[in-house]
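Comments concern the structure below.
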Amino acid sequence: EYVLIDLSVLEDEMLLNRLEENARLYASLYALKNIFDELEKFRVLFLRLLEVDKETIYFILEYVVNARDDAEKDLEPILKEVGMPSIAERWIEQGIQQGIQEGIFQGKREGLLEGLKLALELKFGQQGLMLYPEIKKIDDLALLETIGDMIRLTDNLEDIRQLYNLNP
């Protein structure tokens with residue numbers, strides 16, 4: 001079942017006054033209603049959101065920037081006025097955070113792989129090392145940890161191989 005709402009009958013002030021109840025919902029309704037009006041209207045929204053939920057500002061910004069070609073450059077002065085980083089600065093920050101997370105993942109993966117290689121060699125010798133090229137293709141950290149557990153528990157290389165063949 002769907003509910004259709006004619007946003008044109010809702011007063012901007014009513015939407016702004018209800019931000020404290022559910023900032024993301026009412027800010028979204030405000031943005032949908034005003035997306036093709038003057039971007040200056042978003043100054044009022046952003047100032048109110050600063051008091052209630054700063055993160056929702058970025059949520060609304062993504063929508064506005066995707067919906068309007070002129071939004072990015074026209075919103076920059078508004079963001080500066082309300083004391084928020086520019087859209088580009090925010091995207092750079094997100095990229096840095098994603099890079100850090102990817103680096104952490106790769107570091108854990110490489111450490112696990114080195115440990116598994118050593119464990120395979122120490123427990124199974126050259127036969128164990130023959131599994132390493134297959135194991136090295138695995139990106140799932142939990143599966144790599146499970147393989148490490150299995151190396152400790154079994155004396156059969158086939159038990160280890162079954163683990164990652166069951167979890168492609």
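Listing for the model above:
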item: Descending principal axes extents, the chain, alpha-carbon based, whole Å; result: 74, 41, 28
item: Residue-wise HN-Hα coupling along segment 61-71, computed from phi with Karplus coefficients 6.51, -1.76, 1.60 (Hz; x: Gly, Pro); result: 4, 4, 5, 5, 5, 6, 8, 10, 5, 8, 5
item: Residue-averaged [θ]222 nm for the chain, counting only DSSP H segments that reach four residues, each worth -39500 (n - 2.57); result: -23000 deg cm²/dmol
item: Exposed chymotrypsin sites (Phe, Trp or Tyr not before Pro) absent - longest run of the chain, DSSP non-H/G/I/E/B, at most 12 other C-beta within 10 Å; result: 37-168
item: Segment 1-69, relative contact order [Cα under 8 Å, separation at least 6], %; result: 31 percent
item: Efficiency of FRET between I100 and L50 - r from beta-carbon atoms, R0 25 angstrom, step 0.05; result: 0.40
item: In segment 28-59, the trypsin sites (Lys or Arg not before Pro) that fall in loop regions by DSSP, at most 12 other Cβ within 10 Å; result: none
item: Estimated distance in nm for a label pair at Y58 and T154, the labels positioned 7 Å out from Cα along Cα-to-Cβ; result: 4.3 nm
item: The chain, dipole about Cα centre (Lys/Arg Cβ +1, Asp/Glu Cβ -1), debye to the nearest 20; result: 700 debye
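Readers should treat all values here as calculations from the given coordinates under stated rules, not as data from a laboratory. Since we're looking at a predicted model, the values are computed, not measured. We place every Cβ from the backbone using ideal geometry, glycine too, and count neighbours over all the protein chains shown.
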